[in-house]
Amino acid sequence: MRLTRHYLKFFLSAWVALGAAQAVRGQALKTGEEAPTVEIFGGYSYLRADTLDTSHPFGLNGASGSVAYNFNRVFGVVADFGFYHQGNVTGNGLSLNLSSYQAGPRFSLRNRRHLTPFAQALLGAGHAGGTLYTSSLGPGLAPLGASYALMVTAGVGLDWKLNHTVGIRVIQAEYLYSQFPNASVSDNRQNNVRLSSGIVLSFGNR
C-alpha cells in the first residue's frame, strides 16, 4: 500500500508539472529561440549512496547517458541509463555494481541564448550486483543475491550551448530513491544523490 501511494504521488506530481509547462508554453514560443528535437547526453556520474551493510554513505563512480525528445521548447521526455561502481564498500574489498534504467518528463527553460536550465522526474528500475551481493555478509548468513529494484529520480540541470550541435552539461543534480535489499531486513530503502556532467549533442529544430 505504501509503495502504491508512492507511485501515485510521483505520477500526480508529473502531471501537475506537465500542466504548468503547457501553461507557460505560449510565453516560451514568443522568445523565438529554437529547441532541438533530440538531445543526447553522455558523461561522468558520481553517486552518493547508502545501499547495503553500512550506516554511512559512500561514493560510486560511473557513467550515465540519456536521450531526450522535445515536443516543444518546454516539454520533452527522456530515457536515462547509468552504471556505477565501488570496489571497496565495506573496507574489506567487497565490490558493488549498480545500474539504472529510467524514463520520464523533462521541462526546460529556454529563455537565454546559451544556458538552458531544466528539471526532470524519472521512474524505472535498477540492478545491484558485485561481491557485496554474492558473498556472505557474516557467519552463517546467506548472500543477498543480485537483484532488481524500483528507482525514482528527480532533479535539475544546466546545459551550456557551445554551438548548434555541441553543448556541455555543466551540472545535473538529482535525488535518487531506490529499494534494494539491505543487510537490515527492516528497511530496504535508500536515499541517494547523483551528480553528473558531460557532453550534450543536439539534433533538429523545434
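None of the figures in this text is laboratory data; all of them are computed from the coordinates on show. Remember, predicted model here, so these are calculated numbers, not experimental data. Positions of Cβ are generated from backbone atoms using ideal geometry, with glycine treated the same way; all protein chains shown enter the neighbour counts.
How big is the gap, in Å, between the Cα center of region 127-147 and the Cα center of region 80-100?
13
For a protection proxy built on the mean count of beta-carbon atoms within 10 angstrom, sort 157-165, 41-49 highest first, please. Before the final figure, lay out the partial values.
Numbers: 157-165: 14.8, 41-49: 18.6.
The packing order, highest mean first, is 41-49, 157-165.
Mind listing the Cα extents of region 117-167 along all three principal axes, in Å, largest one first?
Dimensions of region 117-167 along the principal axes of its Cα atoms: 59, 19, 14 Å.
Report, by chain and number, residues whose modeled amide H sits under 5 Å from the one on L122, excluding near sequence neighbours (fewer than 5 apart, same chain).
Here T153, A154 satisfy the definition.
Through the Karplus equation 6.51 cos²θ - 1.76 cosθ + 1.60, θ set to phi - 60°, convert the phi angles of region 154-168 into ³J(HN,Hα) values in whole Hz; use x for Gly and Pro.
Calculated HN-Hα couplings, in order: 9, x, 9, x, 9, 9, 10, 7, 7, 8, 4, 10, 10, x, 10 Hz.
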